[in-house]
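Input: a single structure, listed below in structure tokens.
The values are calculated or read from the model by the stated rules, or taken from the named source; none is laboratory data. Note that the structure is a prediction, hence the values are computed from the model and not measured. Here Cβ is always computed from backbone atoms with ideal geometry, including for glycine, and neighbour counts include all displayed protein chains. All accessible areas refer to the heavy atoms of the entire protein, side chains included, with ligands and DNA or RNA removed. Shrake-Rupley method; radii C 1.70, N 1.55, O 1.52, S 1.80 Å.
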Amino acid sequence: MSKASSEFMRECDGAPRLNEMFQFFSATAAGRSGAPENLPTADFRLLQHDTRLLEFAERHRALWGQFDPHFFSSIPYVLEEEIRHGDALLEYAKSKQRSHSPVGYYVLGGAEGTLARTLGSMAGGAILTLSCSPNKENEASFLRHGQPRFSSFFHGPFHRLTSEFLLSDAVLKPLGGKFDVILEDTTFQMYSPNRSGQISFVKQYLKDDGVFLFVEKFRHEGSAEYVRRELQKDYGYKARYFSADEIAQKNKIILERMNLNEVTIETMAAALREHFVHACMTWNSGNFYAIAASNNAQNLFDFVGRMCEPCIPHEYNYEKLPRPLPGFSFDLPPFRHVKRAP
């Protein structure tokens with residue numbers, strides 16, 4: 001292992017996610033704390049009664065684990081966005097599958113792996129998926145109905161995943177250690193602001209023409225705008241599910257520390273320019289954004305074009321989407337139109 005690799009490993013091993021935050025995530029994943037007072041539900045109006053989105057939402061809800069209710073209650077309309085993402089990934093796989101070879105998706109940090117399991121289940125073998133988490137409780141949720149036929153789980157932090165695991169895992173072996181799509185799900189911000197190093201490490205498992213997706217919380221150059229959007233999140237959305245004391249406690253335990261590891265959109269764009277030719281923004285909810293990047297323009301175009309319009313109230317969306325990230329130039333397709341039942 002090179003000196004740079006060793007330093008990156010030490011950086012990740014010493015990260016807040018694996019140390020001062022670890023017990024919070026374990027307790028929440030086990031259902032001992034962190035549960036919302038009311039269970040979140042997907043808003044069918046925001047899903048625009050689209051037949052594909054509604055079907056995905058139903059299959060997705062049947063697989064929820066202990067951590068999912070907390071997560072979907074914490075970020076405004078991230079549940080609807082996960083459904084939107086999932087539907088696009090399901091459709092994208094159909095365009096990528098050739099000669100009956102499965103397509104590979106890696107959802108990095110998706111707690112108990114609900115999105116990945118839904119994709120594997122609905123695709124019936126056309127998609128093979130991997131999820132990872134350092135918390136054993138998330139693995140227990142992943143396996144609560146037995147080992148999924150088309151999805152696997154790596155119990156460990158993202159930087160401890162190895163090619164040896166991928167090549168020996170019974171589910172993932174047909175992929176040859178590479179994925180068509182990798183989705184980083186609000187994970188890098190729990191470790192450090194070293195986006196270039198994090199992307200570089202994970203990219204070794206992405207095919208050369210693969211698509212790398214990111215859902216992260218971002219800082220702003222001006223702190224006032226960041227705070228304004230945080231207040232909107234806490235008191236316009238999270239207050240539906242958590243008490244004021246619970247919101248304040250999480251802010252103290254997790255968010256104040258996590259904020260030190262967030263980066264700006266401009267910093268993220270600069271890191272992505274080191275690794276990808278094309279990158280664009282596909283979703284925004286206050287301080288949260290979804291980004292897609294690839295070195296293959298056609299694959300990125302195909303994926304973005306399979307996404308429905310963002311399923312979120314306009315007051316939480318501060319961007320005109322889709323649009324390239326700063327420093328990137330890319331002709332983007334329009335989002336697909338909804339398909340309602342006749």
Which one is farthest from Phe288 (Cα to Cα) among residues in the range 226-245 that are open to solvent by less than 30 Å² (accessible area, probe 1.4 Å) and free of Cβ contacts under 8 Å to residues at least 60 places away in the same chain? Asp234
Filter the range 96-128 for residues that are open to solvent by 20 Å² or more (accessible area, probe 1.4 Å) and touching a Phe, Trp or Tyr at 6+ places or on another chain (Cβ under 9 Å) and give the result. Pro102, Gly109, Ser121, Met122, Ala123, Gly124, Gly125, Ala126
Flag for Ser200 being open to solvent by 50 Å² or more (accessible area, probe 1.4 Å) and small (Gly, Ala, Ser): yes
Quick check on the range 306-334: of everything there that is closer than 18 Å to Phe56 by Cα and in contact with a strand residue (DSSP E or B) (Cβ under 7 Å, 6 or more places away or on another chain), which residue is most open to solvent (accessible area, probe 1.4 Å)? Arg306
Hey, can you tell me all the residues within the range 203-214 that are open to solvent by 10 Å² or more (accessible area, probe 1.4 Å) and in a strand (DSSP E or B)? Lys207, Asp208, Asp209
Yes or no: Asn295 more than 22 Å from Tyr237 (Cβ to Cβ), out of contact with any Pro (no Cβ under 9 Å at 6 or more places or on another chain), modelled with pLDDT of 95 or more and surrounded by 17 or more Cβ atoms within 10 Å (Cβ to Cβ)? yes
State all residues of the range 4-32 that are in contact with a Ser or Thr (Cβ under 9 Å, 6 or more places away or on another chain), open to solvent by 50 Å² or more (accessible area, probe 1.4 Å) and either among the β-branched types (Val, Ile, Thr) or touching a residue at least 40 places away in the same chain (Cβ under 8 Å) (or both); if no residue qualifies, say none. Glu11
Could you pull out every one of the helices (runs of 4 or more DSSP H) wholly within the range 3-105 that has 1 or more residues that are more than 17 Å from the chain's Cα centre (by Cα)? 3-13, 22-30, 51-61, 78-96
